[in-house]
Protein chains: 2
Amino acid sequence: MNTLIQNVTALLPDGTTDVVNIAITNDEIFSVGDVPDDFIAQKVIDGTKHFAVPGFVNAHTHASMTLLRSYADDMKLMDWLQQMIWPIEAKLCSDDIYWGAMLAAAEMIRSGTTTFADMYGPDMERVAEVVEISGLRGVLSRGLIGLAPDAEKKIDENVYLYENFHGTADGRITVMFGPHALYTCPPDYLKKVAEKAQALGAEVHIHMSETIGEVEDCMKKYGKRPFAHVASTGLFENGTLAAHCVHLDDEDIDIIKKYHIRVVHNPGSNMKLASGTAPVPRLLAEGVCVALGTDGASSNNNLDMLDEIQLTALLHKVNTLDPLAVPALTAIKMGTEYGAQALSLPHIGKLQKGDKADIVLFSMHGVEWTPCYHPASLLAYAAKSSSIDTVMVNGSLLMENGALTTLDEERILYEAQRVADRLTK
Amino acid sequence: MNTLIQNVTALLPDGTTDVVNIAITNDEIFSVGDVPDDFIAQKVIDGTKHFAVPGFVNAHTHASMTLLRSYADDMKLMDWLQQMIWPIEAKLCSDDIYWGAMLAAAEMIRSGTTTFADMYGPDMERVAEVVEISGLRGVLSRGLIGLAPDAEKKIDENVYLYENFHGTADGRITVMFGPHALYTCPPDYLKKVAEKAQALGAEVHIHMSETIGEVEDCMKKYGKRPFAHVASTGLFENGTLAAHCVHLDDEDIDIIKKYHIRVVHNPGSNMKLASGTAPVPRLLAEGVCVALGTDGASSNNNLDMLDEIQLTALLHKVNTLDPLAVPALTAIKMGTEYGAQALSLPHIGKLQKGDKADIVLFSMHGVEWTPCYHPASLLAYAAKSSSIDTVMVNGSLLMENGALTTLDEERILYEAQRVADRLTK
């Protein structure tokens, strides 16, 4: 099927904006600019007064944790985890994982996210089901806790996930291995995960150096900083997505560069949990791929990638006292193009011929888009995700004129609240 | 006229939430809780699945600067001012001030702001006109630049504004004096402003200690830090609203407490301009009244007070590495109750009997409000101002079911863009 987005202001790969037509053939962008005379579209979308950007890439989240949104805020991290989050998580059943991920999917589509990297479990096949149904793109990993009684079983589940879902849903699902963190996975366990992943050719998604306590404990326990310690287990050999990376020194950054580790910055979560401020301007200057993520909704507390883009553009300016730190376009690229690179999805993240048609349209007819001098700057500093009215993945519409097309939103809101009521009864 | 908001989840003055009925008689809240049997309402609003909060108070802004939203971002402060902002501001005519303030009014109502403190000019009577028409509450001051060729005339304009508009529009307009800052107003000029304000019984709205450069220059030029210097001119004698207050030491805080100066924290602007992080947790702990403001839209770049509440709740946690810093309820109070105190408007800022009926309703039927354990926590960490559908000031509706009732939004969007096109031609 051919689709044509007419007369739309588009953010182009070189960072400029222009009014163009975007022609789409099946799941791919066929042209951006003029449309060939013989291009016949079965579906025409009027892009007038709309801003087209590549779909946002949420490179680190725990989708089903939307069920715990604002269940417990303003607490110390370990009190929060031990007294509130873990007891509830122990009660989650397969259907809960499903409805939590469904709520996340609805929220992500509404706020312009077209791809998400998820680490959670059990029952990650239910999240795969949500990806299949919703039309989103998902990079799924089973969260692996080496200290858990069923640690081995978790690895088996990740293998099962890889073998049964990697490359499915028209290629919208890919699978990574999800060792949670060095403080929940002993070295032997990390080695085992590394071997399994390597045998399958799978990459790894892990939390790294999120808190200063994690770094100090690692030094105490293993005599090395987190990156050196994990590198010694072989886990970084096959491609790594490292979430957080807040507390880094020169040696850590050298290891990140040596293994081409892609970093996921989570400013909302790092601010809310008081984890610290990651050295993003330095990482970018050193050529590291830095993507953005929301983390789970219970430490954010939403899955809105535009919030993360905006926080990134603001936080590093005040943190470095440099008003030029992480300018608008860089923050947007972190949420789109760099996110795609981070997830090893080279065919998304830009509005260009040959890329998959993952496209988001913001209506610019509204107060926060007025007046309009520089759409990209408005996007980074003024806009709201609520002005998104059209979302497309692989050339298929997931939201049109503000309505979700693949999901039953009313049912999702109802079921998510029902699950929440049961969990906290 | 009597209005009844039925069956609404309300944020009560003690910080709890409860499902209540809110009865309104003319411009005042008559009761919160049960409704007297003999209360007959001419207007009934169904508050089911809505969260009622006091209208947000934007305690520091420059409304007409919405015209310069994202005109020039990612620049150094002085380059930005000298090359981009000031040349455009020099072209502003009376109608531009009007349409800029109209755009601001539409944006503020949509995002739940019911009261704003504005410092700008010339032609502040046009902003008063916008307050009159829009139904908002405005605390207006003429921005006074003592270094300008027409410095004396500016004071006369502020006097005119006070004498002709203070207490007008059913009491919705009050007027302060607006000496811009110590670096644009020499000491003799500040003395003159202080005398004029004192003679009229007016309070003062000023920028204080926004950048480290301002503090250093003040020390160099006057041998004193900003607060001691300005105190010596007598400007703090009659009640002061001090915006920014980023760079404070013990002596500054002592002066703030001595003169009961109300501080306006502007996290979005301070982050974007890389000004620094104000010591908000300490100020609050010492009993200082700290309100929130957006600053102008060209340094923010919107006028969304919920963004400022959320930034406040996040920024101070990461800045102090304390996850308990500025909890949800405190941030909300800063944007409502403390804002009212800061603007010397004791009859707004809380949902309680006898207060003016300035009320905002958020629809909680949506993804980011689901599931709902703690509405106030969702407001501070997850919600979007786009879920506001009803806004009331003095018991009159300014927005109903998502539509503005007092303003012609289409005309405003058109005129604001037209002005912007002319200014930058």
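For the structure I just gave you, tell me whether A:Ile109 is in contact with a Lys or Arg (Cβ under 7 Å, 6 or more places away or on another chain) and hydrophobic (A, V, I, L, M, F, W, C).
No.
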Considering residues of the range B:353-380 that are within 20 Å of the chain's Cα centre (by Cα) and within 14 Å of another protein chain (Cβ to nearest Cβ) only, the residue farthest from A:Gly296 (Cα to Cα): B:Phe362
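Just checking, does the range B:206-218 include any residue being more than 23 Å from B:Gly293 (Cα to Cα) and within 14 Å of chain A (Cβ to nearest Cβ)?
Yes: the range B:206-218 contains one or more residues that are more than 23 Å from B:Gly293 (Cα to Cα) and within 14 Å of chain A (Cβ to nearest Cβ).
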Extreme residue, surrounded by the fewest Cβ atoms within 10 Å (Cβ to Cβ), among residues of the range B:67-87 that are of a type in the set (Asp, Glu) and assigned to a loop (DSSP other than H, G, I, E, B): B:Asp74
Residues of the range B:223-245 satisfying the condition of being more than 24 Å from the chain's Cα centre (by Cα) and part of a loop (DSSP other than H, G, I, E, B): B:Gly223, B:Lys224, B:Arg225, B:Ser232, B:Thr233, B:Gly234
Residues (within 14 Å of chain B (Cβ to nearest Cβ) and part of a strand (DSSP E or B)) located in the range A:399-425: A:Met399, A:Ala403, A:Leu404
Of residues in the range A:88-99 being charged (D, E, K, R) and in a helix (DSSP H, G or I), the one farthest from A:Arg418 (Cα to Cα): A:Glu89
Members of the range B:174-199 found to be among the aliphatic types (A, V, I, L, M) and either in contact with a Phe, Trp or Tyr (Cβ under 6 Å, 6 or more places away or on another chain) or surrounded by 17 or more Cβ atoms within 10 Å (Cβ to Cβ) (or both), listed by number: B:Val175, B:Met176, B:Ala181, B:Leu182, B:Leu190, B:Val193, B:Ala194, B:Ala197
All positions within the range A:138-159 that are assigned to a helix (DSSP H, G or I), under 18 Å from A:Asp118 (Cα atoms) and in contact (Cβ under 8 Å) with a residue 12 or more places away in the chain: A:Lys154, A:Ile155, A:Glu157, A:Asn158, A:Val159
Options A:Val32, A:Val53: the member that is touching a Leu at 6+ places or on another chain (Cβ under 7 Å) and either open to solvent by less than 20 Å² (accessible area, probe 1.4 Å) or over 29 Å from A:Pro375 (Cα atoms) (or both): A:Val53
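Each row is one residue, and each column tells you yes or no for (1) of a type in the set (A, V, I, L, M); (2) out of contact with any Lys or Arg (no Cβ under 7 Å at 6 or more places or on another chain); (3) closer than 24 Å to A:Leu144 by Cβ; (4) open to solvent by 30 Å² or more (accessible area, probe 1.4 Å).
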{"residue": "A:Asp38", "(1), (2), (3), (4)": "no, yes, no, yes"}
{"residue": "A:Met65", "(1), (2), (3), (4)": "yes, yes, yes, no"}
{"residue": "A:Glu89", "(1), (2), (3), (4)": "no, yes, yes, yes"}
{"residue": "A:Met124", "(1), (2), (3), (4)": "yes, no, yes, no"}
Residue in the range B:381-391 that is basic (Lys, Arg) and either at the interface with another protein chain (Cβ under 7 Å from one of its Cβ atoms) or open to solvent by less than 20 Å² (accessible area, probe 1.4 Å) (or both) present: yes
Where a residue in the range A:316-336 is modelled with pLDDT of 95 or more and its partner, wherever it lies, is open to solvent by 60 Å² or more (accessible area, probe 1.4 Å) and among the basic types (Lys, Arg), with Cβ under 6 Å and at least six apart: A:Pro323/B:Lys76
Which listed residue is open to solvent by 40 Å² or more (accessible area, probe 1.4 Å) and among the β-branched types (Val, Ile, Thr), from B:Thr25, B:Thr3: B:Thr25
Search result, residues across the range A:1-22 that are part of a strand (DSSP E or B) and either closer than 13 Å to A:Asn394 by Cα or at pLDDT below 95 (or both): A:Asn2, A:Thr3
Only one of B:Ala148, B:Ala197 that is among the hydrophobic types (A, V, I, L, M, F, W, C) and touching a Lys or Arg at 6+ places or on another chain (Cβ under 8 Å): B:Ala148
B:Ile253 being out of contact with any Gly (no Cβ under 9 Å at 6 or more places or on another chain) and either at pLDDT 95 or above or not assigned by the TED database to the domain that holds B:Leu182 (or both): yes
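Conditions tested, residue by residue: (1) outside the structural domain of B:Lys333 (by the TED database); (2) on the phi > 0 side of the Ramachandran plot; (3) in contact with a Gly (Cβ under 9 Å, 6 or more places away or on another chain).
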| residue | (1), (2), (3) |
| --- | --- |
| B:Val19 | yes, no, yes |
| B:Thr25 | yes, no, yes |
| B:His50 | yes, no, no |
| B:Ser64 | no, no, yes |
| B:Ala72 | no, no, no |
The range B:148-173, residues that are open to solvent by 30 Å² or more (accessible area, probe 1.4 Å) and among the β-branched types (Val, Ile, Thr): B:Thr168
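State all residues of the range B:320-347 that are assigned to a loop (DSSP other than H, G, I, E, B), within 17 Å of B:Val139 (Cβ to Cβ) and of a type in the set (Gly, Ala, Ser); if no residue qualifies, say none.
Those that are assigned to a loop (DSSP other than H, G, I, E, B), within 17 Å of B:Val139 (Cβ to Cβ) and of a type in the set (Gly, Ala, Ser): B:Gly335, B:Ser344.
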Qualifying residues in the range A:228-284 (those that are closer than 20 Å to A:Met78 by Cα and β-branched (Val, Ile, Thr)) - the one surrounded by the fewest Cβ atoms within 10 Å (Cβ to Cβ): A:Thr277
Residues that are in a loop (DSSP other than H, G, I, E, B) and either surrounded by 14 or more Cβ atoms within 10 Å (Cβ to Cβ) or in contact with a Lys or Arg (Cβ under 8 Å, 6 or more places away or on another chain) (or both), drawn from the range A:200-222: A:Ala202, A:Glu203, A:Ser209, A:Glu210, A:Thr211
A:Lys350 being open to solvent by 10 Å² or more (accessible area, probe 1.4 Å), more than 10 Å from chain B (Cβ to nearest Cβ), charged (D, E, K, R) and in a helix (DSSP H, G or I): no
Qualifying residue in the range B:90-97 (condition: free of Cβ contacts under 8 Å to residues at least 60 places away in the same chain and within 21 Å of the chain's Cα centre (by Cα)): yes
Selection within the range B:296-322 - open to solvent by 10 Å² or more (accessible area, probe 1.4 Å), more than 8 Å from every other protein chain (Cβ to nearest Cβ) and either over 23 Å from A:Leu77 (Cα atoms) or of a type in the set (Asp, Glu) (or both): B:Asp307
Helices (runs of 4 or more DSSP H) wholly inside the range A:246-319 that include at least 2 residues being farther than 23 Å from A:Lys384 by Cβ: A:250-258, A:280-285
Filtered residues of the range A:33-66 (kept if free of Cβ contacts under 8 Å to residues at least 60 places away in the same chain and in a loop (DSSP other than H, G, I, E, B)): A:Asp34, A:Val35, A:Pro36, A:Asp37, A:Asp38, A:Phe39, A:Ile40, A:Ala41, A:Gln42, A:Thr48
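The values are calculated or read from the model by the stated rules, or taken from the named source; none is laboratory data. Note that this is a predicted model, so its numbers are computed, not measured. All Cβ positions, glycine included, derive from the backbone under ideal geometry; neighbour counts span all protein chains shown. Heads up: the accessible areas ignore ligands, DNA and RNA and are worked out on the full protein's heavy atoms, side chains in. Shrake-Rupley method; radii C 1.70, N 1.55, O 1.52, S 1.80 Å.
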